[in-house]
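The block underneath contains the structure these notes are about, expressed in structure tokens.
The values are calculated or read from the model by the stated rules, or taken from the named source; none is laboratory data. Since the model is a prediction, treat every value here as computed from it, not as a measurement. Every residue, glycine as well, gets a Cβ built from its backbone with ideal geometry; the counts of neighbours run over all protein chains shown.
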């Protein structure tokens, strides 16, 4: 990016019916602190650098459907997290409130849904 500066940060934003609750879920899952909260917005900050995940209020939120189906809300993006032990990572995510998707496309990947219904993947290290 030509306009990039040394202090530039990057991130992504997810819509959710309860952004504070979803931020707490990902904070516990990733071990990242919540760096900022205000009504309708919560922001996770990566300990390693200027990376943020913003959770924003969406009153008319519809969770995406996985696998995609005609006429339903498609996943617009998803997170992939590399893990050392796939079974332990899945168990931990489920304890935090994630649910396991019925459709699993690959042996070394598990698709789960966060508490707001966004899909995310846990990927075993090769």
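Below are the figures for this structure:
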read-out: Count - residues of the range 65-92 that are part of a loop (DSSP other than H, G, I, E, B), at pLDDT 90 or above and within 13 Å of the chain's Cα centre (by Cα); value: 1
read-out: Any pair with Cβ under 8 angstrom, 6 or more apart, that starts in the range 28-45 at a residue that is without any contact (Cβ under 8 Å) to a residue 60 or more places away in the chain and ends at one that is exposed (fewer than 14 other Cβ atoms within 10 Å of the Cβ) and part of a loop (DSSP other than H, G, I, E, B); value: 31/47; 32/47; 33/47; 44/33; 45/33
read-out: Set 23, 13: member being touching a strand residue (DSSP E or B) at 6+ places or on another chain (Cβ under 8 Å), at pLDDT 95 or above and either surrounded by 18 or more Cβ atoms within 10 Å (Cβ to Cβ) or not assigned by TED's automatic domain parsing to the domain that holds residue 78 (or both); value: 23
read-out: Residue in the range 31-39 that is assigned by TED's automatic domain parsing to the domain that holds residue 13 and surrounded by 17 or more Cβ atoms within 10 Å (Cβ to Cβ) present; value: yes
read-out: Residues of the range 106-126 classified as touching a residue at least 12 places away in the same chain (Cβ under 8 Å), more than 21 Å from residue 12 (Cβ to Cβ) and surrounded by fewer than 16 Cβ atoms within 10 Å (Cβ to Cβ), total; value: 3
